[in-house]
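See below for the structure under consideration.
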Amino acid sequence: MFESLQSRLEQALKKMRGQAKITEENIEEAIKEIRTAFLDADVNFAVVKKFIEDIKAKAVGMEVKGNLLPGQLVVKVVYDELVELMGAQKSELLYARSGPTIILVAGLQGSGKTTFCGKLSVYLKKKGRQPLLVAADIYRPAAIEQLKVLGQQANVPVFTVENANPRQIASDSLQYARKYNRDVIIVDTAGRLTIDEEMMNEVEDISKLLNPVETLFVCDAMTGQDAVNTAKAFHERLNLTGVVLTKLDGDTRGGAALSIRTVVGKPIKFVGIGEKIDALELFHPERIASRILGMGDILTLVEKAQSEIDEKEAAKLEEKIRKNEFNLQDFLEQLKVIKRMGSLKDLLGMIPGMDSAMRNVQIDDKAFSKVEAIIFSMTKEERSNPKIINGGRRRRIALGSGSSIQDVNRLLKQFEDMQKMMKMMTKGNMASKMRNFKMPTGFRR
Ligand SMILES: Nc1nc2c(ncn2[C@@H]2O[C@H](COP(=O)(O)OP(=O)(O)OP(=O)(O)O)[C@@H](O)[C@H]2O)c(=O)[nH]1
Ligand SMILES: [Mg+2]
């Protein structure tokens, strides 16, 4: 799977050679190739556009240090963005707080719903749950039989009612589950076309009736971005909580996998990787991103080189802090580094002793654009010596940065606090002191 996307990306990144810094110009060609590779893989146009912009923003300006090649650095950037695109956080299945957990499974015809229901019941059993499979597809003659066969393989009961409609079956299944102590109810629905209003109404009714904890949209990975548009239509009716990508073992180009998270805004929770009942995996964006890039060795190399670079930068920074020379200009530069490299938390993590101390502190990186704007409106002198910023200057800075005087005051106060904190940290046991230190409010979420 993803083979053509993979080889295209590899080609694109090989073209970047021997430059010391990544610039708009030298990344241009690779970017063009990446864009085409993605569009050819049937990734949604808007998704590609944003993806390319993000890669550019992150990569341009990066210095190629150590033994690295620029292409290798870009591989890392592309990898990180791929992971982000598919959902950086792993998303576990949700369970009801009390009563049975109801999981409604919906999707287009032949996408793999029934197979997934079977697989999910196996997965849940392994987790110590007592699942119940509910056959609410009465339209295809063999559908109920198919689920029964899967139930037998999984050793999980299958509930259905002869000659009843799906709404009835769904509501009756609740009583059955209660009676037989089944704690997860997996409802398999008939495949439907979104244009089929009657069928969409039916599944919507079932959803209202059952009020499921999870409504999973099963999506055939081979159908590309079409599937994504359908997912959107289902989401409008059913309030999806997650996506299941099936047939990832097949010859997929990657379109659905790469677009769905962004377009639907719901996490991919599982992937189907075969026809057998145990061919189900939790979704790991990192794994798929590495598979797409197929360059695990390069990633390791870049990570190693980057950590060396980070150490050097951190040492410089630490020196400044120790000498109490850390001013607003340094702060601004660090903000740029943060934007390029990750988060403030990561940055603070570079300072020896801070990593463990910062582990539980929440920091909102978005709040920093404002901070940046304010510092941009200061003169060089003001940045290196914030003490001179009096009332008049504060007014001017506020006006110039489109913020209020209160904002400027707050920033200066926070900076002062931060300096104090840094001074304190360079003396003795940082970690224990940090634990008692309250982050300035603007830095907390
Ligand atoms: N290779 C592969 N085949 C799959 C996977 N999941 C499902 N299939 C196959 O896809 C076909 C359709 O699967 P079903 O589970 O019947 O799909 P469905 O969505 O229930 O279909 P309808 O009920 O007719 O709408 C079957 O032949 C499955 O074996 C998968 O992850 N990998
Ligand atoms: Mg089915």
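Structure data summary
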| quantity | calculated |
| --- | --- |
| Percent of Cα-Cα distances greater than 16 Å, calculated over the range 1-98 | 58 percent |
| Entries in 320/380; 179/208; 65/266; 50/90; 90/247 that, when Cα-Cα distance is taken, lie over 28 Å | 65/266 |
| Distance between modelled label sites at residue 405 and residue 11, nm, 7 Å Cα→Cβ extension | 6.2 nm |
| Full-stretch length increase - residue 322, residue 183 - with 0.36 nm per residue and alpha-carbon distance subtracted | 44.2 nm |
| Alpha-carbon gyration tensor eigenvalues x 5, square-rooted, for the range 101-283, Å | 24, 19, 14 |
| Spatial separation of Cα centroids for the range 1-70 and the range 152-189, in angstrom | 49 Å |
| Charge dipole (debye, nearest 20) of the range 101-283; +1 at Cβ of Lys and Arg, -1 at Cβ of Asp and Glu | 700 debye |
| Amide N of the range 114-146 lying under 18 Å from the label point, which is placed 7 angstrom from the Cα of residue 172 along Cα→Cβ | 132-146 |
| Cβ crowding within 10 Å averaged over residues, with 385-393, 279-287 ranked highest first | 279-287, 385-393 |
| Cα centroid separation, the range 193-234 to the range 109-151 (Å) | 17 Å |
| Selection from 210, 256, 224 lying farthest towards where the dipole of the range 101-283 points positive, charges on Cβ | 210 |
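Bear in mind that the values in this text are calculations on the coordinates, not laboratory data. Here the structure is a predicted model, which is why all the values come from computation and not from measurement. Backbone-built Cβ (ideal geometry, glycine too); neighbour counts: all protein chains shown.
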